């Protein structure tokens, strides 16, 4: 259905997903996160990206850490 509207879905949850033991900021130092983040940055350099999560409030979601790192690279972010 998404493809019919020109939208491509790429799941990166195994490397950028939500809750992890020990805290997400610590997890961001792992190779698994770094590999997934690299893929995200490569895609964001070519296409519009939407990060999705079931958490409604970004203040409580792991996406806030990903967003901060993307912004530090000069990538423009809009919270919808």
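When you look at residue 58, is it surrounded by 10 or more Cβ atoms within 10 Å (Cβ to Cβ) and without any contact (Cβ under 8 Å) to a residue 40 or more places away in the chain, yes or no?
yes
Taking the range 21-30 as the search range and keeping residues that are outside any loop (DSSP other than H, G, I, E, B) and without any contact (Cβ under 8 Å) to a residue 40 or more places away in the chain, which one is nearest to residue 10 (Cα to Cα)?
This residue is 27.
Residue check: is residue 66 surrounded by 10 or more Cβ atoms within 10 Å (Cβ to Cβ) and in contact (Cβ under 8 Å) with a residue 24 or more places away in the chain?
So residue 66 fits the description; yes.
Scan the range 26-51 residue by residue and report those that are surrounded by 11 or more Cβ atoms within 10 Å (Cβ to Cβ) and farther than 17 Å from residue 73 by Cα.
26, 27, 30, 32
Do the conditions hold for residue 80, that is, is it in contact (Cβ under 8 Å) with a residue 12 or more places away in the chain and assigned to a helix (DSSP H, G or I)? Before you say what the answer is, go through the steps one by one.
Details: in contact (Cβ under 8 Å) with a residue 12 or more places away in the chain: yes; assigned to a helix (DSSP H, G or I): no.
Considered against the rule, which asks whether it is in contact (Cβ under 8 Å) with a residue 12 or more places away in the chain and assigned to a helix (DSSP H, G or I), residue 80 comes out as no.
Identify all residues within the range 2-20 that are farther than 15 Å from residue 69 by Cβ and outside any loop (DSSP other than H, G, I, E, B); write none if there are none.
3, 4, 5, 13, 14 - these are the residues of the range 2-20 that are farther than 15 Å from residue 69 by Cβ and outside any loop (DSSP other than H, G, I, E, B).
Could you count how many residues in the range 31-75 are touching a helix residue (DSSP H, G or I) at 6+ places or on another chain (Cβ under 9 Å) and part of a loop (DSSP other than H, G, I, E, B)?
Adding up the residues that qualify gives 8.
Would you check if residue 41 is within 12 Å of the chain's Cα centre (by Cα) and modelled with pLDDT of 95 or more?
yes
Checking the conditions here, which among 25, 14 is touching a helix residue (DSSP H, G or I) at 6+ places or on another chain (Cβ under 7 Å) and modelled with pLDDT of 85 or more?
25 is the lone residue from the list that is touching a helix residue (DSSP H, G or I) at 6+ places or on another chain (Cβ under 7 Å) and modelled with pLDDT of 85 or more.
The values are calculated or read from the model by the stated rules, or taken from the named source; none is laboratory data. Model, not experiment: these values are computed from the prediction. Here Cβ is always computed from backbone atoms with ideal geometry, including for glycine, and neighbour counts include all displayed protein chains.
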